[in-house]
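The structure appears below as structure tokens.
Where a number appears in this text, it was derived from the coordinates with a stated rule and is not lab data. Predicted model, so just to flag it, every value in this text is computed and none were measured. Glycine gets a Cβ as well: all are built from the backbone with ideal geometry, and neighbour counts include every protein chain shown.
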Amino acid sequence: MLTTIEKIVFVILALISAGFTIHGIKTIVDSVRKGRPAPELKNIPASLIKAGITVLLQRTIFKARKALSTIHLGLFFGLITYAFVNLVDVLEGFIPGFELVYGGRHLAFPFLNSSVINTFNLIADLMSGALLIAITVFLVRRFIAKDKRLEYRGNVLLNPKVKAGGQKTDSLIVGVFVILHVSARLFGQSFRLTNGADPFMPIASLINSTFGASQTGVHAAWWISLGWVLYILPYITRSKHTHFTVAPINLGLAKQNPRGQLDPAIPLKVVNGNQYEPGAKYLHDLSWKRVLDSYACVQCNRCQDICPANFAGRPLSPSALEVNKRYLLKDATFASHPDRLLLPLTETVISPEAVWSCTTCYACVRVCPVGNEPMADIVDIRRRLIVEGAELDSGVQNALQSLATNGNWMSKGKRLRGRWAKEMEFPIRNATEEPVENLWFVGDTASFDERVVPNTKMVARIFQCAGLDFGIMYQNESNAGNDVRRVGEEGLFEQLVEQNLQAFGKAQFKRIVTTDPHSFNTLKNEYPQFGGTFEVKHYTAVLVRLFEEGKLTIKNKLPHYKVTFHDPCYLGRYNGGFTAPRKLLELLGVEFHEMPRNCENSFCCGAGGGQIWMGKVAPGERPAENRIKEALSTFGKNPSEKKQLFIVTCPKDMIMYSDAVKTTGNEGKIEVRDLIQLVAEAVGVEEAAVVEAVASPA
Ligand code: SF4
Ligand code: SF4
């Protein structure tokens with residue numbers, strides 16, 4: 001179809017386009033390689049294949065925004081189809097007489113029979129329509145409907161180019177490209193239909209019925225359609241649309257360690273004799289994988305939608321963090337401002353206030369369709385700020401000081417840790433002095449906080465009643481360090497780990513049981529990094545086992561309670577502990593109502609990552625207050641005969657939600673209870689009851 005001159009021009013333009021595209025790819029690879037070593041990945045080819053399948057099935061995008069994700073299917077499969085379509089179009093341009101219309105004319109490839117050609121044409125034609133519909137929806141959403149979810153709060157630090165609308169320009173360019181490229185191709189196909197409609201090209205046939213056939217039209221449409229491709233390929237390497245190709249790679253190289261295990265503050269692998277400071281101050285202090293995150297980022301703001309800190313009006317947006325990283329890299333490489341990489345991340349990608357707003361709830365990482373970990377960047381930035389002596393919130397400072405001196409954050413003497421146990425009506429064994437099967441790691445809040453201690457005692461009574469062989473470590477227990485590590489105090493975290501490992505060394509036990517999901521997480525997932533590998537169970541899983549083994553039996557079912565359950569981040573999202581609490585509620589016979597945000601999608605109470613220690617409370621609705629409202633709306637507007645309960649399984653949740661019930665003025669409408677209180681009532685172990693020890697402990 002093309003003349004010789006046209007072919008030469010096209011080849012020259014294609015070579016220029018390939019040159020710019022390769023330069024773009026090389027620039028990205030070079031900047032990713034400057035990142036620090038990441039934790040080693042196992043079996044990368046298998047991970048990449050798995051990620052490829054995940055992307056092909058579009059599994060990750062359906063974690064949120066189901067309707068838009070469905071429309072995105074048109075865009076995704078349309079663009080994949082067009083990769084083949086463009087190849088065929090190039091062949092049609094270069095091979096004289098080769099045209100795939102009406103089942104194939106002047107076939108240059110005899111193996112292509114007419115049914116293959118007709119199928120190809122039908123798919124290409126229909127996918128063209130799907131692409132045009134999808135891109136129109138996305139353009140309307142951004143430019144006409146102005147979906148608020150694509151915007152950032154005014155208090156979030158943004159790269160000046162993002163503020164000036166860089167993302168919108170990118171979207172517009174790619175949107176216009178898709179429309180022109182696909183429309184030109186459809187018109188080109190319609191102009192080829194010299195014999196009228198082709199049933200396998202319905203959209204092209206429709207256009208043909210109005211505009212007819214035209215060889216000049218075929219020619220012009222070919223150049224418009226493919227000329228755009230030559231422009232857009234290098235452009236993509238310089239725009240936010242790098243995610244087209246980087247996202248599957250990023251997913252394939254995503255974290256393989258448990259969700260609840262943070263990367264070490266200093267890379268374990270030394271490259272070129274580099275001495276690394278803990279954490280991250282500059283962009284290339286981040287691991288190469290997290291530099292790659294910014295190129296994979298779709299800039300969809302799904303992570304911002306579910307961020308509890310952002311919800312509470314704090315200046316934190318995990319998506320802005322990734323977007324700012326991307327624009328910083330773009331400024332430094334394509335715009336020749338490498339000096340900008342010498343600016344601290346707290347000036348370029350995230351404000352210090354935002355850094356200290358994160359609750360480390362993991363929701364942003366979980367929802368991200370491309371496997372990004374903005375939360376991990378935040379912890380790394382905190383780590384360096386701590387090492388450099390950054391000014392901390394006074395509450396956090398006090399907590400850390402107390403943790404260093406007393407091994408707990410509540411400024412209590414070490415010896416007081418087991419006081420609650422000494423108040424019990426039966427002795428609780430010291431696991432560092434005699435062997436026990438279950439070492440109960442109680443945690444700070446459950447040991448010291450007067451609002452929670454009654455529940456701790458209740459757990460002890462239930463364990464005793466079931467004949468569980470258990471003990472605690474009294475003053476030998478220190479805070480497990482989960483939140484200390486997430487605040488960025490890696491040195492203190494390691495000190496606490498060492499203290500606890502020493503205490504565990506004195507004890508003989510089969511497994512650790514804990515009532516605190518934060519301790520549960522770090523003991524289970526992070527102590528192995530320091531040589532402490534244990535079987536760790538949350539008390540809800542232990543209770544389910546005790547019921548299943550018949551060591552606990554329900555005496556009174558509790559149908560008079562209407563309850564909802566809050567999944568704590570560190571039990572649920574981090575460690576998949578969704579089933580045991582629900583199974584217990586089912587056994588108890590309560591009227592159970594699931595909140596809309598549940599399990600993986602649970603909404604953080606706002607206490608994690610050291611937030612509970614903060615002296616300053618930000619104005620506005622707090623996440624826990626919003627959650628209480630969610631619970632009440634789940635129960636419905638009509639007044640209930642039954643008592644409405646908000647059930648928790650984390651000592652911090654007990655505090656956060658009891659406060660939130662008061663501050664939202666909902667006392668009398670809903671009550672916060674730990675699940676153990678319901679179990680005690682159903683089993684018949686009341687607070688004041690004297691529990692007789694079962695003769696032979698299990
Ligand atoms: S971990 Fe939670 S609070 Fe922190 S940035 Fe992610 S979503 Fe926001
Ligand atoms: S980090 Fe993930 S969820 Fe957040 S904007 Fe980027 S792609 Fe979307």
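For the residues T360, T210, what sequence is obtained by ranking on other C-beta atoms within 10 Å, fewest first?
T210, T360
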(request) Starting from the Cα coordinates of the range 36-176, work out the convex hull volume and express it per residue in Å³. (result) 215 Å³
(message) Can you tell me what share of the DSSP beta bridges in the chain is antiparallel? A percent to the nearest 5 is fine.
(response) 5 percent
(message) Classify the range 472-611 from the C-alpha gyration tensor, please: rounded if a/c falls under 1.5, else prolate or oblate depending on whether a/b exceeds b/c.
(response) oblate
(request) Average the reciprocal distances over every distinct pair of alpha-carbons in the range 395-683, invert the result, and give the Kirkwood radius in Å. (result) 19.3 Å
(request) Let me know the volume per residue of the alpha-carbon convex hull for the range 295-380, in Å³. (result) 84 Å³
(request) Answer with one residue from V513, V683, W223: the one whose Cα lies farthest towards the positive end of the charge dipole of the chain, charges on Cβ with Lys, Arg +1 and Asp, Glu -1. (result) W223
(message) Check which residues have an amide H placed less than 5 Å from V672's amide H, if you skip close sequence neighbours.
(response) F646
(request) Could you work out, for the range 72-113, what percent of all Cα-Cα pairs fall into each 10 Å distance bin, beginning at 0 Å and stopping at the bin that holds the largest distance? (result) 27, 44, 23, 6
(message) Would you work out the Kirkwood radius for the chain? I mean one over the mean of 1/r across all pairs of different Cα atoms, in Å.
(response) 28.4 Å
(request) With a 10 Å radius around each residue's Cβ, average the other Cβ atoms per peptide and rank 196-202, 213-219, highest first. (result) 196-202, 213-219
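Cβ neighbours within 10 Å, averaged per peptide: list 65-74, 436-445 in order, most packed at the top.
Details: 65-74: 15.5, 436-445: 24.9.
Order by mean packing, descending: 436-445, 65-74.
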(message) Roughly how far apart, in whole Å, are the Cα centres of the range 389-435 and the range 55-96?
(response) 57 Å
(request) Using the Cα centre as the reference, give the magnitude of the dipole from point charges on the C-beta atoms of the range 101-197 (Lys, Arg: +1; Asp, Glu: -1; all else neutral), rounded to the nearest 20 debye. (result) 460 debye
(message) Students often check this: by mean Cβ neighbours within 10 Å, which of 90-98, 605-613, 463-471 ranks highest, and how do the rest follow?
(response) 605-613, 463-471, 90-98
(request) Rounded to the nearest 10 degrees, what's the angle between the helix 539-548 long axis and the longest principal axis of the chain, both from Cα atoms, 0 to 90? (result) 80 degrees
(request) Scan the range 351-409 for GluC sites (Glu not before Pro) in coil per DSSP, keeping those whose Cβ has at most 12 other Cβ atoms within 10 Å, and list them by number. (result) E388, E391
(message) Using Cα-Cα distances under 8 Å and only pairs 6 or more residues apart, what relative contact order does the chain have, in percent?
(response) 12 percent
(request) Please report the relative contact order for the range 395-683, taking Cα pairs under 8 Å with a sequence separation of at least 6, and give it as a percent rounded to a whole number. (result) 19 percent
(request) Kindly write out, for the range 501-513 in residue order, the coupling ³J(HN,Hα) from the Karplus curve 6.51 cos²θ - 1.76 cosθ + 1.60 (θ = phi - 60°), rounded to whole Hz, with x marking Gly and Pro. (result) 5, 5, 5, 4, x, 7, 9, 10, 7, 9, 8, 9, 10
(request) Please report, in Å, the Rg and the Dmax of the range 562-698, where both are computed over Cα atoms only. (result) 16.0, 54
(request) Report the convex hull volume per residue for the range 374-531, counting only C-alpha atoms, in Å³. (result) 117 Å³
(request) Step through the residues of the range 638-650 one at a time and calculate ³J(HN,Hα) from phi using the Karplus curve (6.51 cos²θ - 1.76 cosθ + 1.60, θ = phi - 60°), rounding each to whole Hz and writing x for Gly and Pro. (result) 5, x, 9, 5, 7, 6, 9, 10, 10, 9, 10, 9, 9
(request) Please go through the residue pairs K148/K240; K422/K537; K422/K662 and name each one whose alpha carbons sit more than 26 Å apart in this structure. (result) K422/K662
(request) Holding the Cα-Cα limit at 30 Å, pick out from K555/K642; K146/K330; K63/K524; K551/K637; K414/K629 the pairs that are longer than that. (result) K551/K637; K414/K629
(message) Charges at C-beta only: +1 for Lys and Arg, -1 for Asp and Glu. How large is the resulting dipole of the range 315-403 about its Cα centre, in Debye rounded to 20?
(response) 260 debye
(message) Per residue of the range 23-31, what does 6.51 cos²θ - 1.76 cosθ + 1.60 with θ = phi - 60° give for ³J(HN,Hα)? Whole Hz please, x for Gly and Pro, Karplus curve as stated.
(response) 4, x, 5, 5, 4, 5, 4, 4, 6
(message) Rounded, prolate or oblate for the range 1-97? Axes are the square roots of the Cα gyration tensor eigenvalues, ordered a ≥ b ≥ c, and the cut-off for rounded is a/c under 1.5.
(response) oblate
